[in-house]
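Read through the structure below, which is laid out as structure tokens, and then see the notes.
Computed from the coordinates by the stated procedures, all read-outs in this text should not be read as laboratory data. Not measured: the values here are computed from a predicted model. Here the Cβ positions follow ideal geometry from the backbone for every residue, glycine too, while neighbour counts run over all protein chains shown.
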Amino acid sequence: MKRKIILFMVTIFLFGAFSAFAELKIGVVNMQRALDECDAGKAAVEKMKKIYSEKQQEINEKQNELKKMQEEINNQSSLLSDEAKQAKLDEYQKKLKELKRFVADSNEELKKKEKEYIAKIANDLKKVVDALGKELKYDIIMEVREAGVMYNSKKVDITNLVIERYNKEWHAKQK
């Protein structure tokens, strides 16, 4: 008789616990996809491409200048005195070093810009997720990758909703 009572109590406890979990409203967001697919993310990619293209054009111009210098040194090598030849080689080495420094600085600048864009958009997306969570009365919204979610059904994935809401807010700010 005691066992039946204990079994009954355990069953009631487990049923109560499962009922509490059944009432939880859970959502998941793929922030990387939201960053990639939102309009602000696409605009940031276009800005980065433009900056990269401008830097690449400057690099190409400097490389062409170096090629001309090298050709000039090679063509005039037999005509120049040792001192003049050395002066041209020193100038070439100086310009080559400047180009390498410019490339390194440009890469660092591009990485910094990209991080700034990502941080700004990610912060804004987090605010949207927070607002949606409160508005739609979610108990938990998890980031798919950070939370280690290995599976979730489509009905708990609110990534598209986050993207739509963020795009709406972002476009309103652009006007």
Q: State, to one decimal in nm, how far the label point of E72 lies from the label point of K120, with both points 7 Å from Cα in the Cβ direction.
A: 4.1
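Largest first and in whole Å, give the semi-axes of the stretch 99-175's equivalent ellipsoid, each being the square root of 5 times a Cα gyration tensor eigenvalue.
Working: eigenvalues 215, 64, 18 Å².
The answer is 33, 18, 9 Å, longest axis first.
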Q: Straight distance only, please: which lysines reach the Cα of K175 with their own Cα at less than 24 Å, same-chain residues fewer than 8 apart left out?
A: K42, K47, K49, K50, K113, K120, K126, K127
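Would you mind calculating the gained length between N107 and K49 on full extension (0.36 nm times residue separation, minus the Cα-Cα distance), in nm to one decimal?
Going from the current span to full extension adds 19.6 nm.
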Q: With unit charges on the beta carbon (Lys/Arg positive, Asp/Glu negative), name the residue among Q93, I51, M69 whose Cα is farthest towards the positive pole of the charge dipole of the chain.
A: I51
Q.
I need the peptides 156-164, 48-56, 127-135 ranked by packing, meaning the mean over residues of other C-beta atoms within 10 angstrom, with the highest value on top.
A. 156-164, 127-135, 48-56
Q. How big is the equivalent ellipsoid of the chain along its three axes, where each semi-axis is √(5λ) from the Cα gyration tensor, reported in whole Å from largest to smallest?
A. 64, 20, 10
Q. Once the piece of chain linking E91 and N60 is laid out straight, how much longer is it, given 0.36 nm per residue of separation minus the C-alpha distance between them?
A. 9.3 nm
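Once you have a ≥ b ≥ c as the square roots of the Cα gyration tensor eigenvalues for the stretch 35-138, tell me rounded if a/c is under 1.5, and otherwise prolate or oblate according to whether a/b is larger than b/c.
Prolate, since a/c reaches 1.5 and a/b exceeds b/c.
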Q. Which whole-Hz couplings ³J(HN,Hα) result when phi for each residue of the stretch 159-173 is put into the Karplus expression 6.51 cos²θ - 1.76 cosθ + 1.60, θ = phi - 60°, listed in order with x for Gly and Pro?
A. 4, 4, 5, 5, 4, 4, 5, 5, 4, 4, 5, 5, 5, 5, 6
Q: Starting from the alpha-carbon convex hull of the stretch 26-91, give the projected area averaged over all orientations, in nm².
A: 6.9
